[in-house]
Structures are given as structure tokens and as C-alpha cells.
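Participant: Sharing a structure with you now.
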Ligand code: SF4
């Protein structure tokens, strides 16, 4: 199973993850910090989630395979 976690303490509210994979990521309405809508990543979403992790400027997103 592939899961994704995002660290709000590292997030700088750049929003790139939301633009790349809006089915998984959102931003808080008041602080703009990352929200993970669903942490189990489907095969179709994997590429977008991995790319989100690589373009996140603060390294807040981690993809976990277990
Ligand atoms: S791309 Fe990174 S810094 Fe930007 S909102 Fe997403 S987790 Fe936060």
C-alpha cells in the first residue's frame, strides 16, 4: 500500500502540490497549509503524488510504501 503524509510544520503554503494532485492535497482556508484529503494513494494518483513531493519547495511531502 502506498500512503502519503505531509508535514504542516515544514509547509510554506506554496500550493504546488494542490495544483499537481488536487484529489489528494488541499490547503487550509485560513492558513494555506497543506491538507491531505486521503492518505491512501491509488495507482492512478501515484505519479502526481510523487511529483508533488519532488516539487514541494520545503520537502514537506513524504510518500511511504508499506
Ligand atoms: S507544495 Fe509543499 S509547501 Fe506547497 S502547499 Fe504543498 S506541502 Fe506546502
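Bear in mind these aren't lab numbers, they're just calculated from the coordinates by the rules spelled out. Keep in mind that this is a model prediction, so the values were computed, not measured. Using ideal geometry, Cβ is built from the backbone for each residue, glycine included, and neighbour counts are taken over all protein chains shown.
Participant: I'd like to verify a number: residues in the stretch 17-41 that are outside any loop (DSSP other than H, G, I, E, B), surrounded by fewer than 17 Cβ atoms within 10 Å (Cβ to Cβ) and either near the ligand (Cβ under 8 Å from one of its atoms) or over 9 Å from the mean Cα position of the chain (by Cα) (or both), how many?
Facilitator: Summing the residues that are outside any loop (DSSP other than H, G, I, E, B), surrounded by fewer than 17 Cβ atoms within 10 Å (Cβ to Cβ) and either near the ligand (Cβ under 8 Å from one of its atoms) or over 9 Å from the mean Cα position of the chain (by Cα) (or both) in the stretch 17-41 gives 3.
Participant: Among all residue pairs at least 6 apart or on different chains, which show Cβ distances below 8 Å where the first residue, located in the stretch 4-31, is touching a residue at least 60 places away in the same chain (Cβ under 8 Å) and the second is within 8 Å of the ligand (Cβ to nearest atom) and not in a loop (DSSP other than H, G, I, E, B)?
Facilitator: Pairs found: 4/61.
Participant: Right, here's the next one. For the stretch 42-53, state whether one or more residues are assigned to a loop (DSSP other than H, G, I, E, B) and buried (at least 17 other Cβ atoms within 10 Å of the Cβ).
Facilitator: Within the stretch 42-53, the first condition is being assigned to a loop (DSSP other than H, G, I, E, B), and the residues that meet it are 42.
Then keep just the ones that are buried (at least 17 other Cβ atoms within 10 Å of the Cβ); that gives none.
Checked against the condition, which is being assigned to a loop (DSSP other than H, G, I, E, B) and buried (at least 17 other Cβ atoms within 10 Å of the Cβ), the stretch 42-53 yields no hits at all.
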